[in-house]
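Peer 1: First the structure, then my questions, so here it is.
The values are calculated or read from the model by the stated rules, or taken from the named source; none is laboratory data. In this text the structure is predicted, and so the values were computed from the model without any measurement. Using ideal geometry, Cβ is built from the backbone for each residue, glycine included, and neighbour counts are taken over all protein chains shown.
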Amino acid sequence: MSHPRAKNDADYWIEKLSLSPHPEGGYFNETFAASDIINTDNLARDYKGPRKAYTSIYFLLRSGQISRFHRLKSDELWNYHSGSPVTISIIDPGGNYHEKKLGTDPENFESFQVIIKAGCWFGATIDESDSYSLVGCFVSPGFEFIDFELAEREELIKKYPEHHSIIKKLTSP
């Protein structure tokens, strides 16, 4: 007889939430896409065609996995749901590096929500070993893979050499 999976186990959430591997690392499942469509002609960023007002996903990382540096044309809001804290590493368009902590302990500078502004390179890591982190990610205007760019290690290091170590950690060779 097999034992039921614990609710604090990544495999439990991957199964229960029907999560699939994500190209940036980790696992995801789109949970909602707004039926309202935005005409993007008058928006500051150059979208190729209309977008849904917003989209949302569940996103899960296991310890040892990374969310590789990527950027979007839209703002993205991460919400903490379960597991250990996660560190989101951000390089803004001006080349400034920031770390944001997502979790339940404000005394440890953690927040339930973190916003990543459009055009920033960002990736994430789990803070504890033998754990996972489950978050919700909301994108507005809604996510389309055409608006997703995965970082190329050498190009990013050339542009931001002062951030070489974090770029190496959060990109593929």
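Peer 1: What number of residues in the stretch 88-110 are within 15 Å of the chain's Cα centre (by Cα) and surrounded by 17 or more Cβ atoms within 10 Å (Cβ to Cβ)?
Peer 2: 8
Peer 1: Which residues, taken from the stretch 139-159, are crowded, with 18+ Cβ neighbours inside 10 Å and farther than 17 Å from Ile116 by Cα?
Peer 2: Once the filter is applied, which keeps residues that are crowded, with 18+ Cβ neighbours inside 10 Å and farther than 17 Å from Ile116 by Cα, the stretch 139-159 yields only Leu156.
Peer 1: Same structure again: Tell me the residue from Ile115, Ile166, Ile157 that is in contact with a strand residue (DSSP E or B) (Cβ under 8 Å, 6 or more places away or on another chain), within 22 Å of Pro23 (Cα to Cα), in a helix (DSSP H, G or I) and of a type outside the set (Lys, Arg), please.
Peer 2: Working: Ile115 fails: in a helix (DSSP H, G or I); Ile157 fails: in contact with a strand residue (DSSP E or B) (Cβ under 8 Å, 6 or more places away or on another chain).
Selected residue: Ile166, the only one of Ile115, Ile166, Ile157 that is in contact with a strand residue (DSSP E or B) (Cβ under 8 Å, 6 or more places away or on another chain), within 22 Å of Pro23 (Cα to Cα), in a helix (DSSP H, G or I) and of a type outside the set (Lys, Arg).
Peer 1: Oh, and also: On the given criteria, is Glu128 over 26 Å from Phe32 (Cα atoms) and not in a strand (DSSP E or B)? Before you say what the answer is, go through the steps one by one.
Peer 2: Values: over 26 Å from Phe32 (Cα atoms): yes; not in a strand (DSSP E or B): yes.
The answer is yes for Glu128.
Peer 1: Which one of these does Phe59 not meet: (1) under 13 Å from the mean Cα position of the chain (by Cα); (2) surrounded by 13 or more Cβ atoms within 10 Å (Cβ to Cβ); (3) closer than 18 Å to Ile167 by Cα?
Peer 2: (3)
Peer 1: Another question, then. Only one of (1) over 26 Å from Pro161 (Cα atoms); (2) buried (at least 21 other Cβ atoms within 10 Å of the Cβ) is not met by Ser74, so which one is it?
Peer 2: The one condition Ser74 does not meet is (1).
Peer 1: Could you go through the stretch 3-14 and let me know if any residue there is part of a loop (DSSP other than H, G, I, E, B), buried (at least 16 other Cβ atoms within 10 Å of the Cβ) and more than 11 Å from the chain's Cα centre (by Cα). Full working, then the answer.
Peer 2: Taking the stretch 3-14 and keeping what is part of a loop (DSSP other than H, G, I, E, B), we get 3-9.
Remaining after also requiring buried (at least 16 other Cβ atoms within 10 Å of the Cβ): none.
No: zero hits.
Peer 1: Restricting to the stretch 116-137, and then to whatever is small (Gly, Ala, Ser) and more than 19 Å from Gly83 (Cβ to Cβ), can you tell me which residue is surrounded by the most Cβ atoms within 10 Å (Cβ to Cβ)?
Peer 2: Going residue by residue through the stretch 116-137, those that are small (Gly, Ala, Ser) are 118-119, 123-124, 129, 131, 133, 136.
Subset that is more than 19 Å from Gly83 (Cβ to Cβ): 118-119.
Working: Ala118: 18, Gly119: 14.
Here the residue is Ala118.
Peer 1: Hey, could you check the stretch 23-40 for residues that are in a loop (DSSP other than H, G, I, E, B) and more than 30 Å from Ser63 (Cα to Cα) and say which is modelled with the lowest pLDDT? Steps first, answer last, please.
Peer 2: Let us first name the residues in the stretch 23-40 that are in a loop (DSSP other than H, G, I, E, B), namely 23-26, 34-36, 39.
Next, only the ones that are more than 30 Å from Ser63 (Cα to Cα) stay: 34-36, 39.
Numbers: Ala34: 96, Ser35: 96, Asp36: 95, Asn39: 92.
Checked the stretch 23-40; the qualifying residue modelled with the lowest pLDDT is Asn39.
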